[in-house]
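The next block holds one structure in the form of structure tokens; read it before the comments.
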Amino acid sequence: MAGGFGEAALAAPVEGQASLQLKHVFATLQTGQQDQKPEDVAACRKQVSSPNSRYLGITVTTKYSVDPQTLIMSASSMLPSPQATKPVMLTIKLSPLGIDRQYAFGAFRPTAMPNTYVLYSMGTDFKNKQSSILVLNEGGNFNCLVTSNPSPFNGGLSAKLGSDQK
């Protein structure tokens with residue numbers, strides 16, 4: 001190969017898109033751990049289905065760009081406004097979270113949705129894609145997690161939620 005440049009210099013970022021439906025609801029403690037109380041989970045299910053806070057059942061589309069060589073990455077999630085009376089699509093810019101063994105992104109209290117965290121993660125193999133929205137309940141004992149992941153408390157994201165919910 002003329003010029004002396006290695007193949008790695010030519011590696012391009014991996015760009016992709018994932019559209020995931022938020023079908024699972026969990027109550028989370030301020031520590032980021034799962035709240036097992038059935039009444040708290042029921043309260044969350046009611047909250048995230050209400051006309052002013054409609055998250056359950058929506059589809060979140062996340063576009064991402066990840067350079068596995070340099071670890072320079074970016075992502076943004078698009079979702080319908082949670083207020084049913086305002087039928088607009090919101091775009092939330094996400095920042096890399098630096099969680100081991102996955103590509104994870106989040107926006108903590110974004111301007112368009114200040115009482116939420118918007119999260120997206122996938123494995124370093126670009127599989128196991130997950131979207132989640134954590135709805136914060138100011139002054140409450142628990143927050144509400146709406147997610148595409150049926151078991152969201154089995155990874156690094158749960159620990160990150162615990163450190164950031166304070």
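Structure above, values below:
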| quantity | calculated |
| --- | --- |
| The lone exception for C144 - which of (1) modelled with pLDDT of 95 or more; (2) open to solvent by 10 Å² or more (accessible area, probe 1.4 Å) it fails | (2) |
| Enumeration of residues in the stretch 27-42 that are more than 20 Å from the chain's Cα centre (by Cα) and either surrounded by fewer than 18 Cβ atoms within 10 Å (Cβ to Cβ) or outside any helix (DSSP H, G or I) (or both) | Q36, K37, P38, E39, A42 |
| Residue tally, condition in contact (Cβ under 8 Å) with a residue 12 or more places away in the chain and either in contact with a His (Cβ under 6 Å, 6 or more places away or on another chain) or polar (S, T, N, Q) (or both), over the stretch 12-49 | 9 |
| Close pairs from the stretch 112-127: first on the phi > 0 side of the Ramachandran plot, partner open to solvent by 10 Å² or more (accessible area, probe 1.4 Å) and among the β-branched types (V, I, T), Cβ under 8 Å, at least 6 apart | F126/V14 |
| Residue list for the stretch 81-114, filter: hydrophobic (A, V, I, L, M, F, W, C) and surrounded by 12 or more Cβ atoms within 10 Å (Cβ to Cβ) | A84, L90, I92, L94, L97, I99, A104, F105, A107, F108, A112, M113 |
| Conditions (1) open to solvent by less than 10 Å² (accessible area, probe 1.4 Å); (2) under 12 Å from the mean Cα position of the chain (by Cα): number failed by M78 | (1) |
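The values are calculated or read from the model by the stated rules, or taken from the named source; none is laboratory data. Quantities reported herein were computed from a predicted structural model and do not represent experimental measurements. Positions of Cβ are generated from backbone atoms using ideal geometry, with glycine treated the same way; all protein chains shown enter the neighbour counts. Side chains are part of the model used for accessible areas, which takes the heavy atoms of the whole protein and leaves out ligands, DNA and RNA. Shrake-Rupley method; radii C 1.70, N 1.55, O 1.52, S 1.80 Å.
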